Amino acid sequence: MLYRNAWIFTGENGFQRGSFRVEQGRFAEVLSPAVGGAGLDLDGAYVIPGLVDIHTHGCAGADFSDGDAAGLRAMGRYYARNGVTSFAPTSMTLPYETLAAAYATAADYVSAPPKDGARLAGIHMEGPFFSEAKKGAQNPAYLRDPDFAAFRALYEGCGGLIAIADVAAELPGAAAFARQASALCTVSIAHTDASYEQAAEVFASGASHLTHLYNAMPAIHHRRPGPIGAASEREDVAAELICDGLHVHASAVRMAFKLFPGRICLISDSLRCCGMPDGEYELGGQPVTLHGRLATLHDGTIAGSATNLYDCMLTAIRFGIPPAQAILSATLLPAREVGKSADIGSIEPGKYADFIVCDKTLTRKAVYIGGEQIPSGDKNYENHQSAGL
C-alpha cells in the first residue's frame, strides 16, 4: 500500500514531504516518489511514528499488576486508540508471586496480541528494590533489598520479557545487582535517596537509566548533586520524564532536556484511572483518588498520572520543547531503552508500520499498527489537545 503526499517525520531533521509504502505490516519504502494516482493520498497530512510508552501501570480501569488478561488487553486497546502503539506495562512493589502472575499475562499477550491493541514491548519492573525514604506511592509492606536471584526467577518465568528493572542505588547490593541484571535488561535507578557517590557507583556498575526524573529522588543541590547529577554527566544514561503538567513544572521540563540532551524519554506513568472519570481507584493495594487529572494517595502523595503519553508529548511541546525533540522522546528514544529500536520508534524501511496520521497541530486523525488502521472507539478516550508545529 502506497501512502503519498504526506509530511513524514524523519527524526532530528523534522518533517519531509513525500510518500511511503507498507508491505506485510512493515515500512518498505520511505520518502519514495509518488507513482501516478496510485495509493492513498494523505493530502498533506503529517505522519509521525507510533508512540512508545515504557512506564505505564494502567488505564481504562485496568492495572497491569492485577494480573488480569482481559484488563491488559483493554489497556492495549486504549493505548492504540490514543496513538501509543507500543508499551511496557509497569508493575508495582508487590509480592513476588503477584508479580509473577502479572508477568504471565504479559507473556500471553505477546503470544496472542489483540488485533486492535498496542504492541507489548517488554515489562518495566518498578519495585520492590526501593528505598523507604523515597517510596512515593509504592507499598512499603513489600519493599525488599536487591535480590538478583528473585529477579532472575521472574525474568525467566516470563520468557525474558523484563526490559527495565529498577533499583534504589543506596540499598545494600545495588551495585552488584546492576552488574548482574544489566546483562539481561536495562537497569534503572529509581525511588532512591542515594548520594551522588552511591548513584555514580551503580551507574558505573551497569545501570543506564533514571526512572521519572525529579520524582521520588533527592532534589539537585549545588553541594549535593545526588542521582540527578550523577546521571546527567553520563552520556550513556537516559532519563524518564512525566510531562503531564502536574508532576514537573514547565521550567523543570525545559531544564531536563538541557541536562540530558537527546536522552529524555517521555513517559505517562499512567494509572488505571487514566481515561476514567473522577473517583476512587486502587494502586498496589492502596486507595487512590482522582480529581481533575490529579491522582493522589489519601495522604496527598501524587500517585502517578491520569494522562496518556500522546497528551504528555503535546504538553512538552507547549512547554517549549522543539516538536522534533518531543516526538523523538516519545518514540525512538524509549524504543532504544527497551531494546526494540530495530522494529519500532521511527518510520524507516524494515520497521513495523506503526504510525499516526495527524494535522499540523499534531491532532490525531488516524492510528495504524502494522499498516492496519485502529478503530477510534469510545470518543471519551480521544485526545483533545494540540500543539502547533
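Bear in mind that the values in this text are calculations on the coordinates, not laboratory data. If you're wondering where the values come from, they're calculated on a predicted model, not measured in any experiment. Note that each Cβ is placed from the backbone with ideal geometry, even for glycine, and that neighbours are counted across all protein chains shown.
Assuming R0 = 51 Å, what is the FRET efficiency of Met1 and Leu294, from their Cβ-Cβ distance, to the nearest 0.05? Efficiency at R0 = 51 Å is approximately 0.75. Residues Met92, Met255, Met125, ranked from the fewest to the most other C-beta atoms within 10 Å, line up as Met255, Met92, Met125.
Going from the residue with the fewest nearby Cβ atoms within 10 Å to the one with the most, Ser251, Ser65 rank Ser251, Ser65. Among the GluC sites (Glu not before Pro) in the stretch 1-93, those placed in a DSSP loop whose Cβ has at most 12 other Cβ atoms within 10 Å are Glu12. For the stretch 110-126, 3J(HN,Hα) computed residue by residue from phi via the Karplus equation (6.51, -1.76, 1.60; θ = phi - 60°) reads 5, 5, 9, x, x, 5, 9, x, 5, 6, 8, 9, x, 9, 9, 8, 9 Hz, glycine and proline entered as x.
Computed per residue of the chain from DSSP H runs no shorter than four, each worth -39500 (n - 2.57), the mean residue ellipticity at 222 nm is -7000 deg cm²/dmol. Report note on the peptides 232-240, 113-121, 327-335, 293-301: ranked by the mean count of other C-beta atoms within 10 Å, highest first, their order is 327-335, 113-121, 232-240, 293-301. The trypsin sites (Lys or Arg not before Pro) found in the stretch 298-367 that occupy coil by DSSP, while having at most 15 further C-beta atoms within 10 Å, are Lys360.
By the Cβ rule of 4.7 Å, the chain holds the following cysteines without a possible disulfide partner: Cys158, Cys185, Cys265, Cys273, Cys358. Between Thr361 and Ala250, the C-beta separation translates, for a Förster distance of 22 Å, into a calculated FRET efficiency of about 0.70. On the basis of the beta-carbon distance and an R0 of 30 Å, Gln24 and Ala153 show a calculated FRET efficiency of 0.20.
Computed from phi, the 3J(HN,Hα) profile of the stretch 294-310 under the Karplus parametrisation 6.51, -1.76, 1.60 (θ = phi - 60°) reads 9, 10, 9, 6, 5, 8, x, 5, 5, 9, x, 10, 10, 10, 7, 5, 4 Hz, with x in place of Gly and Pro. Only Cα pairs under 8 Å and at least 6 apart count here; give the relative contact order of the chain as a rounded whole percent. Over the chain, the number comes to 20 percent. With the cut-off at 1.5 for a/c, could you classify the stretch 50-337 from its C-alpha gyration tensor as rounded, prolate or oblate? Rounded is the answer for the stretch 50-337, as its axis ratio a/c remains below 1.5.
For the stretch 157-177 and the stretch 309-329, write down the distance between their C-alpha centroids in whole Å. Comparing the Cα centres of the stretch 157-177 and the stretch 309-329, I get a distance of 29 Å. Pairwise inverse Cα distances across the stretch 1-144, averaged and inverted, put the Kirkwood hydrodynamic radius at 17.4 Å. With the simple model of a label 7 Å out from the Cα in the direction of the Cβ, Thr301 to Ala176 spans 2.8 nm. DSSP assigns beta bridges within the stretch 50-337; of those with both partners inside it, close to 35 percent run antiparallel. Ranked by the mean number of other Cβ atoms within 10 Å per residue, highest first, peptides 47-60, 209-222, 257-270 order as 47-60, 257-270, 209-222. When you filter the GluC sites (Glu not before Pro) in the stretch 85-148 for DSSP loop state and at most 14 other Cβ atoms inside 10 Å of their Cβ, you are left with Glu132.
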